[in-house]
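See structure below.
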Amino acid sequence: MRVLAILLGLAVLTALAGIGVRAWAPGFDTQVLQAIAGGRDTTLTSIAWVVTQAGSFVLLAPLSIAFLLLRRWKRPADDIALVVIAAGSAVLPFVVKLIVARPRPTIEHLSHLSSLSFPSEHTTQAAAIYLAIAIMLSQSLTRGWREAAIAFGVLIALVVAWSRVYLGVHYPTDVAAGLVLGWGWALLVFHWARPKLIQDQPAMGRPTVT
């Protein structure tokens with residue numbers, strides 16, 4: 001129930017934000033896109049093409065599975081939380097896109113897409129999954145390395161967000177919403193819903209209290 005409440009709450013809030021952005025921020029978005037397009041060069045474009053794949057669910061789904069297999073199900077609640085976060089990061093932007101129905105930017109695209117624009121799926125998925133993996137990895141690290149792992153997860157999402165705007169397939173507000181949505185989803189599931197998942201797990205190796 002907690003996971004469903006988070007999903008519905010974030011979907012509603014993000015959709016409302018998207019409707020507001022679509023009505024009041026088109027000028028800002030267009031100006032930023034035009035400024036970025038004016039600074040394109042071959043090297044940056046090549047980097048953007050590579051970086052943007054880090055937010056693709058085609059890459060993130062097997063990455064999440066491989067990460068879980070390497071962990072060998074040692075912390076079931078954490079592992080279930082990652083599965084929930086990965087699935088939700090794909091569902092949430094899809095649902096919100098249908099509600100907001102914002103078309104893609106009209107500026108020249110370096111990647112041709114026909115789907116809707118708000119929020120950015122790549123950015124949402126990157127923000128949620130890389131942060132969740134970073135949090136799980138940091139549990140066995142010292143404080144300095146823990147902060148570095150989380151910072152790296154955040155950095156990947158930011159670079160993916162930049163690549164989507166650079167390629168002209170999203171407005172800046174699309175990727176900003178994707179970052180907030182992805183990070184919010186991951187943090188809420190991991191820190192609010194995960195304790196419930198822990199309670200629901202049978203006692204591993206412990207006698208049952210009757």
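List of remarks:
- Set T52, T43, T30: member being in contact (Cβ under 8 Å) with a residue 60 or more places away in the chain and open to solvent by 30 Å² or more (accessible area, probe 1.4 Å): T30
- Residue match in the range 75-89 (condition: open to solvent by less than 20 Å² (accessible area, probe 1.4 Å), hydrophobic (A, V, I, L, M, F, W, C), touching an Asp or Glu at 6+ places or on another chain (Cβ under 9 Å) and touching a residue at least 40 places away in the same chain (Cβ under 8 Å)): yes
- Tally, over the range 1-18, of residues that are within 20 Å of the chain's Cα centre (by Cα), open to solvent by 30 Å² or more (accessible area, probe 1.4 Å) and either farther than 21 Å from S89 by Cβ or at pLDDT below 90 (or both): 5
- Of all the residues in the range 23-48, those that are under 21 Å from the mean Cα position of the chain (by Cα) and either at pLDDT below 90 or closer than 17 Å to A90 by Cβ (or both) number 1.
- Hey, Q53 of a type outside the set (K, R), within 20 Å of A161 (Cβ to Cβ) and over 21 Å from the mean Cα position of the chain (by Cα) or not: no
- In the range 117-160, the residues that are hydrophobic (A, V, I, L, M, F, W, C), outside any helix (DSSP H, G or I) and over 14 Å from the mean Cα position of the chain (by Cα): L141
The values are calculated or read from the model by the stated rules, or taken from the named source; none is laboratory data. Just so you know, these numbers come straight off a predicted model, no measurement behind them. Neighbour counts run over all protein chains shown; Cβ positions are idealised from the backbone, glycine included. The protein model used for the area step is the full one, side chains on, heavy atoms only, and it has no ligands, DNA or RNA in it. Shrake-Rupley method; radii C 1.70, N 1.55, O 1.52, S 1.80 Å.
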